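Inspection log for the structure reproduced underneath, given as structure tokens.
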Amino acid sequence: MNFRIAAGAAIAVALISAPAVAQTKMSGAEIIKKYNKDKDETLELAEVINLGVKLFEEINPDGDTTLESNETAGRITEKDWKRANKDGDKTLEMDEWLSILRKRFDKANPDKDGSLDAAELDTPAGQAVALMIVK
């Protein structure tokens with residue numbers, strides 16, 4: 001086999017098997033403006049959990065009580081999936097989804113004040129939270 005063909009095939013396999021990572025199209029300030037209901041310029045954990053529950057329902061087209069991997073594509077990593085899916089049933093129940101979200105919230109909240117401001121939402125950790133609360 002030609003080296004170029006083999007290298008091209010390897011790259012194609014890597015691209016196909018690599019998980020697509022969704023990108024939010026909203027800045028931290030836009031997320032705060034749209035979703036912060038109490039107008040304190042932050043999202044508290046309770047607000048984030050509420051948004052996570054809503055998104056779970058929105059990305060669950062079959063309306064069952066679980067998310068399959070295709071429904072979470074680009075939102076959570078394979079590592080997150082395996083860590084949260086303790087029962088190994090290849091689906092995520094709401095509590096497992098929210099467990100991932102809580103861990104991401106904690107990571108995005110380095111000052112541990114219990115809320116995320118626009119600057120925190122603009123960090124990579126904050127954007128990981130946004131993937132689970134913004135459609």
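The values are calculated or read from the model by the stated rules, or taken from the named source; none is laboratory data. Just so you know, these numbers come straight off a predicted model, no measurement behind them. Note: ideal-geometry Cβ built from the backbone for every residue, glycine included; neighbour counts use all protein chains shown. Keep in mind that these areas ignore ligands, DNA and RNA; they rest on the heavy atoms of the full protein, side chains included. Shrake-Rupley method; radii C 1.70, N 1.55, O 1.52, S 1.80 Å.
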So, in the range 87-113, of the ones that are surrounded by 11 or more Cβ atoms within 10 Å (Cβ to Cβ) and of a type in the set (Lys, Arg), which residue ends up farthest from Ala73 (Cα to Cα)? Lys107
Every residue in the range 48-80 that is acidic (Asp, Glu) and within 10 Å of the chain's Cα centre (by Cα), please. Asp80
Taking the range 63-95, which residues are farther than 20 Å from Val134 by Cβ and of a type in the set (D, E, K, R)? Asp64, Glu68, Glu78, Lys79, Lys82, Arg83, Lys86, Asp87, Asp89, Lys90, Glu93, Asp95
Condition check: assigned to a helix (DSSP H, G or I) and at pLDDT below 90. Does Ala14 satisfy that? yes
Return yes or no: is Lys82 at pLDDT below 95 and of a type outside the set (A, V, I, L, M, F, W, C)? yes
Is at least one residue of the range 39-61 surrounded by fewer than 14 Cβ atoms within 10 Å (Cβ to Cβ), assigned to a helix (DSSP H, G or I) and of a type in the set (Lys, Arg)? yes
Just to confirm my filter: which helices (runs of 4 or more DSSP H) fall fully inside the range 63-135 and include at least 2 residues that are among the small types (Gly, Ala, Ser)? 94-108, 118-121, 124-130
When residues of the range 121-130 are limited to those that are open to solvent by less than 20 Å² (accessible area, probe 1.4 Å) and out of contact with any Asp or Glu (no Cβ under 8 Å at 6 or more places or on another chain), the one farthest from Asn50 (Cα to Cα): Leu121
Filter the range 30-42 down to residues that are in contact with an Asp or Glu (Cβ under 8 Å, 6 or more places away or on another chain) and hydrophobic (A, V, I, L, M, F, W, C), then give me how many there are. 1
